Amino acid sequence: MSVLDKILGKGPSQAIESDYMDLDLASFETVSGDRPASMYVKIAAINDLKDTPKVKDEVYNGNIVIVDISRLKMDKITYERVLKDLSAVANDINGDIVGLGDQKYVIITPMSIKISRDKIVGGA
């Protein structure tokens with residue numbers, strides 16, 4: 001580092017910071033309104049047993065649904081009943097169901113789409 005850099009305050013930490021830039025992730029999102037998709041990935045939250053029919057309908061319609069079930073953990077009976085209902089849907093249509101994130105989320109897939117239980121990176 002030169003004497004001029006020391007006087008102006010351009011130390012090694014400032015040089016490293018200039019190597020990075022913030023990304024605006026919104027600029028990467030695109031909406032293709034021209035063509036409807038044959039399948040969607042839907043996000044849902046089940047807070048009560050009465051919310052399950054909407055999720056089941058989406059899976060029956062051929063969509064992949066990621067369900068937040070974290071609020072159900074407080075009521076073990078409802079939690080188990082909802083999971084039983086969602087598992088029955090996956091089995092009924094030859095789809096798949098798997099829990100994620102310390103069982104806070106469930107992914108349900110429609111017919112002929114299976115979820116791999118193998119991690120791509122990281123430890124098992």
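Just so you know, all these numbers are worked out from the coordinates, no wet-lab data involved. What you see is a predicted model, and the numbers here were worked out from it, not measured in a lab. Heads up, the Cβs are rebuilt from the backbone with ideal geometry, glycines too, and the neighbour counts pull from every protein chain shown.
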Taking H as built 1.01 Å from N, whose amide H comes closer than 5 Å to the amide H of residue 98, not counting residues under 5 places away?
-> 107
Greater than 19 Å apart at Cα, pairs in 50/76; 56/119; 73/104; 50/73; 76/114; 84/104 = 56/119; 76/114
Once amide H atoms are built 1.01 Å from N in the peptide plane, which residues 5 or more positions from residue 45, or in another chain, come under 5 Å H to H?
-> 68
Once normalised by the length of the range 37-109, the mean sequence separation of its alpha carbon contacts under 8 Å that are 6 or more apart gives a contact order in percent of 33
Radius of gyration, Dmax [the range 51-124; alpha carbons; angstrom] = 12.5, 36
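Quick one: net charge around residue 59, please, counting Lys, Arg +1 and Asp, Glu -1 for every other residue with C-beta under 12 Å from its C-beta. Please report the intermediate quantities before stating the final value.
Working: positive: 42, 54, 56; negative: 57, 58, 85, 92, 96.
In short, -2.
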